[in-house]
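The values are calculated or read from the model by the stated rules, or taken from the named source; none is laboratory data. Everything numeric in this text was worked out from a predicted model, so none of it was measured. Positions of Cβ are generated from backbone atoms using ideal geometry, with glycine treated the same way; all protein chains shown enter the neighbour counts. Each accessible area value is taken on the protein alone, full model and side chains, heavy atoms only, with ligands, DNA and RNA left out. Shrake-Rupley method; radii C 1.70, N 1.55, O 1.52, S 1.80 Å.
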Amino acid sequence: MKLPDLPLLREFVSEHPDRAAMAALGLWAVLLACVWLVLTQASGSARERIADVDKRYARAAPLVREVAYMKAQRAEFESMEPLAAARKVTRDLTLDAHLAAIRPTPAANGSDGIQMVFESLNLPQTLDLLKNLRDRVGLQVVSCSLNKRMDNPALADMQLILVR
């Protein structure tokens, strides 16, 4: 290997070979230290990105499981007629005793509709019923009428018209 044609460098190396070797060794040490710092910084940022991805996964995983569960439940009801599906949800929520009437009714858009009449429902039962009819069965509320009961103001009678 030839040294470049730099007279000062050639003169320094020829006059002080030990110092030149030490300078070369120092340059190698500085170069290795720079490479080590760059790699350390890169691995540190990679660890941070991995930790960030892990946090996002931890937040998203329960939602994905819930969506998959809801899709599986909805698939069970997709093949059922709306009337049968609404009856099954009512049974699953143990609201049979509150169901006064259920019958098919024509909807305004020509699809199959259902009319359901419930008596003496409390607020949690009402909300749970509406949520399950929407999420599990895929029925939309077209009309809802709530009437507070005179014998118990904490309860209400509800009339629903639902369509799929």
Give just the number: which of (1) modelled with pLDDT under 90; (2) of a type in the set (S, T, N, Q); (3) open to solvent by less than 70 Å² (accessible area, probe 1.4 Å) does Gln115 not satisfy? (1)
Scan Asp96, Asp92 and give me the residue that is touching a Ser or Thr at 6+ places or on another chain (Cβ under 9 Å) and more than 20 Å from Ser145 (Cβ to Cβ). Asp96
Can you tell me which residue within the stretch 134-164, out of those that are closer than 10 Å to Ile114 by Cβ and part of a loop (DSSP other than H, G, I, E, B), is most open to solvent (accessible area, probe 1.4 Å)? Arg164
Would a scan of the stretch 86-105 turn up a residue that is under 22 Å from the mean Cα position of the chain (by Cα) and either assigned by the TED database to the domain that holds Leu146 or among the β-branched types (Val, Ile, Thr) (or both)? no
Just the residues that are closer than 26 Å to Leu155 by Cα, in contact with a strand residue (DSSP E or B) (Cβ under 7 Å, 6 or more places away or on another chain) and among the charged types (D, E, K, R), please, taken from the stretch 95-117. Arg103
Scan the stretch 64-83 and give yes if some residue there is over 30 Å from Thr105 (Cβ atoms) and among the hydroxyl-bearing types (Ser, Thr, Tyr), otherwise no. yes
